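K.L.:
Let me begin by handing over the structure; questions about it come next.
The values are calculated or read from the model by the stated rules, or taken from the named source; none is laboratory data. As the structure is a computational prediction, the values presented were derived from the model and not from experiment. Note that each Cβ is placed from the backbone with ideal geometry, even for glycine, and that neighbours are counted across all protein chains shown. Only protein heavy atoms, including side chains, enter the accessible area calculation; ligands, DNA and RNA are left aside. Shrake-Rupley method; radii C 1.70, N 1.55, O 1.52, S 1.80 Å.
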Amino acid sequence: MSPEPASGNAPGIPAELIVPPAFLPDRRLWFLSGAAIVIAIGAGLLAEALTALIWGITNLAFHGRWSFGFATPADHHLGAWVILVPVIGALIVGLMARYGSPAIRGHGIPEVMERILLHESRIPPRITILKPISTAISIGTGGPFGAEGPIIASGGALGSLAGQLLRVSADERKILLAAGAAAGMAATFGAPVSATLLAVELLLFEYRPRSLAPVALASSAATAVRYLFRGIAPVFPIPDIIASPGGGALATYVVLGAVVGLVAVVLTTTLYRVEDLFERLPIHWMWWPALGAVVVGVAGWLDPRVLGVGYSNISGILAGDLAGRALLVLVVLKTLAWVIALGSGTAGGTLAPLFTIGGGLGALLARGAVLLVPGLGLDVRIGALVGMAAIFAGASRALLTSVVFAFETTRQPLGLLPLLAGCTGAYLISLARMRYTIMTERLARRGVAVDAEYSVDHLQRVYAGERATPAVVRFSADQTVAEAREWLLRGADGASHQGFPIVDHEDRVLGVLTRRDLLAPDIDAGLHLGSVIHRPLVAAYQTSTLREVADLMVHERVGRVPVISADGRRRLLGILSRSDLLAAHEGRLDAARRSEPRYGFPVGGSGPQR
């Protein structure tokens, strides 16, 4: 059997492994972008429908009227009977979870992450319906949650459903899911940039144009849907323009963010301990939300502002309308109700409660600092803004999302510097004190590894021609099988190799034969090696990256590939094995571990010091 003739580009390399440059979008990118926009419009409409449903249930449960207009449980007149309302809602959610789908439990984002990591981004279609309905019942009956988490989950479910109906790969389905989830957040808060960052930091687990562009377009489209229904005003407006902080104030905001970050660590730890306590109860988990709702009802009886989404509480904190003892009571009761209710396994989001707690803490701490050191130039509203963002940065470690979200929802550009400083303080405290985040703790308990660090693939930065071994043991196509066998059996240097390139008189690679091929008893010893080649050439160009080579090895199930010239002549330049790919990481490890001597002050020898 003669070797196959040379083809146009990379001989033997499957076309799907030849990735086009990032700046040249392929047809699939355009398709995914278009699909993401359609999904985003659906997610935006779903967010509006869920919001109206929450208001409708709130009107019915707390005011006894049938209306889908804005309503808050904070102005109810039920007295102590209000304790029963969250319990009834929790019982309904428990029944829906048991007989509908247990996946509706939780706060949304971790469940989406689990589907991406473990289930090829497949979310059952019924979740698209059950999740928003259960959330509307939970929040509408006074649950101290935000609607954004379930809306994110519902948008992700919509994207996943589209990915299951369309002819896409699992990787492309993940992009559509993330686009739907980002659209859900953008539609809730009118914050497209932070929604895109949220998808990158928590859902995509990558930063590539192929995934970034569809998600960004989805966030933009969903925000446009929100503007159509609610206008372009910021979600949490601050009445006056915030002044730029001085150096002392900026340092104080860093400390404030670090303190709030420590609170985020405590809250995360406490939440999962509460979950563990509920796990030990000798009753079915269907009843747990009702038990947690008793605490919610009592807290709502003591302070009605604890009940429901509470976006008006966040606005009041940022505007400085909530302060002093009233703010302290709200923070304490909201924390207690939210931790116990969410730990019981009901449906509800984390962002709004965290923003309320963090914003309240930030305002209280800033007020205390103003009283202690009046000359620092602190602004209590900036303190609240930093606290609001820092608690999410500490709990989730989505640093950039937290900073940009606080800016987009308030439109206060002079708050960006305090936000970046304070959120970084919270982020560092979280890294030092907590192994997993509020989003990944449950996944880690199930044995799922979630990497929070993203870096450029080192193999993508190294070319095959740089790492290929140039001294290649090769055979001429004119040699016979008998000559090759004699050389192998003689045990010459290189005879232990498992694969040998076969070249013509111009050193062009025709194919590769293995030891098994050469020693096979059914092969006529008198045949020339060129006629024995029975598989297409699998090779890499000298300009191929080691990542492409590694993918090629996996795809073709080979342990070594020849490296050929990129001029189309297929001249043999070297060979790469799996061990060569591992050895290529030596430079990366040295760069991370070796400490260079200070300039002008050599230490010991002439080389770098460990």
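K.L.:
So which of A550, A464 is closer than 30 Å to G587 by Cα, out of contact with any strand residue (DSSP E or B) (no Cβ under 8 Å at 6 or more places or on another chain) and open to solvent by less than 20 Å² (accessible area, probe 1.4 Å)? Explain how you work it out, then say what you get.
P.N.:
Numbers: A464 fails: out of contact with any strand residue (DSSP E or B) (no Cβ under 8 Å at 6 or more places or on another chain).
Just one listed residue meets the conditions, A550.
K.L.:
Can I ask one more? For the stretch 474-516, which residues satisfy the criterion of being over 23 Å from L573 (Cβ atoms), of a type in the set (D, E, K, R) and free of Cβ contacts under 8 Å to residues at least 24 places away in the same chain? Steps first, answer last, please.
P.N.:
To start, the set of residues in the stretch 474-516 that are over 23 Å from L573 (Cβ atoms) comprises 480-483, 485-486, 488-491, 516.
Keeping just the survivors that are of a type in the set (D, E, K, R) gives 483, 485-486, 490, 516.
Passing the criteria: E483, E486, R490, R516.
Here is a yes/no grid of residues against (1) touching a strand residue (DSSP E or B) at 6+ places or on another chain (Cβ under 7 Å); (2) hydrophobic (A, V, I, L, M, F, W, C); (3) not in a loop (DSSP other than H, G, I, E, B):
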position	(1), (2), (3)
V309	yes, yes, no
N313	no, no, yes
L333	no, yes, yes
A337	no, yes, yes
A341	no, yes, yes
L354	no, yes, yes
G358	no, no, yes
L365	no, yes, yes
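K.L.:
Right, here's the next one. Restricting attention to helices (runs of 4 or more DSSP H) lying wholly within the stretch 1-119, give those where 1 or more residues are closer than 24 Å to S344 by Cβ, small (G, A, S) and modelled with pLDDT of 75 or more.
P.N.:
Details: elements: 27-63, 84-99, 109-118.
In the stretch 1-119, 27-63, 84-99 are the helices (runs of 4 or more DSSP H) which contain 1 or more residues that are closer than 24 Å to S344 by Cβ, small (G, A, S) and modelled with pLDDT of 75 or more.
K.L.:
Quick check on this structure: which one of L267, L291 is out of contact with any helix residue (DSSP H, G or I) (no Cβ under 7 Å at 6 or more places or on another chain), modelled with pLDDT of 90 or more, open to solvent by 10 Å² or more (accessible area, probe 1.4 Å) and part of a helix (DSSP H, G or I)?
P.N.:
On the way: L267 fails: out of contact with any helix residue (DSSP H, G or I) (no Cβ under 7 Å at 6 or more places or on another chain).
The conditions single out L291.
K.L.:
Can you tell me which residues in the stretch 495-519 are surrounded by 13 or more Cβ atoms within 10 Å (Cβ to Cβ), in a loop (DSSP other than H, G, I, E, B) and not acidic (D, E)? Walk me through how you get there before you give the answer.
P.N.:
Start the filter on the stretch 495-519 by keeping residues that are surrounded by 13 or more Cβ atoms within 10 Å (Cβ to Cβ), which leaves 495, 497, 499-504, 507-515, 517-519.
Then keep just the ones that are in a loop (DSSP other than H, G, I, E, B); that gives 495, 497, 504, 507.
Once the filter is applied, which keeps residues that are surrounded by 13 or more Cβ atoms within 10 Å (Cβ to Cβ), in a loop (DSSP other than H, G, I, E, B) and not acidic (D, E), the stretch 495-519 yields A495, H497.
K.L.:
Here's a follow-up. With the requirement that a residue be among the polar types (S, T, N, Q) and under 12 Å from A36 (Cα atoms), what does the stretch 128-182 give you? Spell out the reasoning first.
P.N.:
Residues of the stretch 128-182 that are among the polar types (S, T, N, Q), as a first pass: 128, 134-135, 138, 141, 154, 160, 164, 169.
Selection gives S160 alone.
K.L.:
Only one of Y427, Y454 is within 28 Å of R588 (Cα to Cα), in contact with a Phe, Trp or Tyr (Cβ under 7 Å, 6 or more places away or on another chain) and touching a residue at least 60 places away in the same chain (Cβ under 8 Å); which? Steps first, answer last, please.
P.N.:
Details: Y427 fails: in contact with a Phe, Trp or Tyr (Cβ under 7 Å, 6 or more places away or on another chain).
From the options Y427, Y454, the qualifying one is Y454.
K.L.:
Here is a follow-up. Given the structure, is S544 at pLDDT 85 or above, of a type in the set (S, T, Y) and exposed (fewer than 13 other Cβ atoms within 10 Å of the Cβ)? First the steps, then the outcome.
P.N.:
Numbers: at pLDDT 85 or above: yes; of a type in the set (S, T, Y): yes; exposed (fewer than 13 other Cβ atoms within 10 Å of the Cβ): no.
Criteria not met by S544.
K.L.:
Filter the stretch 557-610 down to residues that are among the charged types (D, E, K, R) and in a loop (DSSP other than H, G, I, E, B) and give me whichever is modelled with the lowest pLDDT. Give the steps one after another, and end with the answer.
P.N.:
Taking the stretch 557-610 as the starting set, the residues that turn out to be among the charged types (D, E, K, R) are 557, 560, 567, 569-571, 578, 580, 586, 588, 590, 593-594, 596, 598, 610.
Imposing the further condition that a residue be in a loop (DSSP other than H, G, I, E, B) reduces the set to 557, 567, 569-570, 594, 596, 598, 610.
Details: R557: 85, D567: 77, R569: 78, R570: 81, R594: 71, E596: 62, R598: 60, R610: 38.
The qualifying residue modelled with the lowest pLDDT is R610.
K.L.:
Picking from T196, T188, which residue would you name as being crowded, with 24+ Cβ neighbours inside 10 Å, at pLDDT below 95 and part of a helix (DSSP H, G or I)?
P.N.:
T188
K.L.:
Going by the conditions given, is V456 open to solvent by less than 20 Å² (accessible area, probe 1.4 Å) and under 53 Å from the mean Cα position of the chain (by Cα)? Show your work before the answer.
P.N.:
Numbers: open to solvent by less than 20 Å² (accessible area, probe 1.4 Å): no; under 53 Å from the mean Cα position of the chain (by Cα): yes.
Considered against the rule, which asks whether it is open to solvent by less than 20 Å² (accessible area, probe 1.4 Å) and under 53 Å from the mean Cα position of the chain (by Cα), V456 comes out as no.
K.L.:
Exactly one of (1) in contact (Cβ under 8 Å) with a residue 12 or more places away in the chain; (2) outside any helix (DSSP H, G or I); (3) within 17 Å of the chain's Cα centre (by Cα) is unmet by R435. Its number?
P.N.:
Among (1) in contact (Cβ under 8 Å) with a residue 12 or more places away in the chain; (2) outside any helix (DSSP H, G or I); (3) within 17 Å of the chain's Cα centre (by Cα), R435 violates only (1).
K.L.:
Right, another one. Looking only at the stretch 364-408, which residues are open to solvent by less than 10 Å² (accessible area, probe 1.4 Å) and over 28 Å from R435 (Cα atoms)?
P.N.:
A366, I382
K.L.:
Those residues that are more than 15 Å from V462 (Cβ to Cβ), within 34 Å of the chain's Cα centre (by Cα), of a type in the set (A, V, I, L, M) and open to solvent by less than 70 Å² (accessible area, probe 1.4 Å), I need them from the stretch 554-583; list them, please.
P.N.:
Listed by number, the list holds a single entry, V558.
K.L.:
Any residue at all in the stretch 412-426 that's farther than 17 Å from F236 by Cα, in a helix (DSSP H, G or I) and polar (S, T, N, Q)?
P.N.:
Looking only at the stretch 412-426, we keep the residues that are farther than 17 Å from F236 by Cα, and these are 417-418, 420-426.
Checking which are in a helix (DSSP H, G or I) leaves us with 417-418, 420-426.
Filter once more, so that each one left must be polar (S, T, N, Q): 424.
Yes, the stretch 412-426 contains at least one residue that is farther than 17 Å from F236 by Cα, in a helix (DSSP H, G or I) and polar (S, T, N, Q).
K.L.:
Let me ask something additional. Restricting the search to the stretch 48-72, which residues are buried (at least 21 other Cβ atoms within 10 Å of the Cβ) and in contact with a Phe, Trp or Tyr (Cβ under 6 Å, 6 or more places away or on another chain)?
P.N.:
W55, A71
K.L.:
For the stretch 207-252: of the residues being in a loop (DSSP other than H, G, I, E, B) and over 30 Å from R367 (Cβ atoms), which is most open to solvent (accessible area, probe 1.4 Å)?
P.N.:
Step one: filter the stretch 207-252 for residues in a loop (DSSP other than H, G, I, E, B), giving 207-208, 231-246.
Filter once more, so that each one left must be over 30 Å from R367 (Cβ atoms): 207-208, 231-232.
Working: Y207: 160, R208: 85, G231: 28, I232: 114 Å².
Selected residue: Y207.
K.L.:
Are there any pairs with C-beta distances below 8 angstrom linking a residue in the stretch 27-43 that is touching a residue at least 24 places away in the same chain (Cβ under 8 Å) to a residue that is surrounded by fewer than 24 Cβ atoms within 10 Å (Cβ to Cβ) and of a type outside the set (A, V, I, L, M, F, W, C), with the two at least 6 apart or on different chains, and if so which?
P.N.:
Listed pairs, sorted by first residue: R28/E172; R28/R210; L29/P209; L29/R210; L32/E172; L32/R210; A40/S220.
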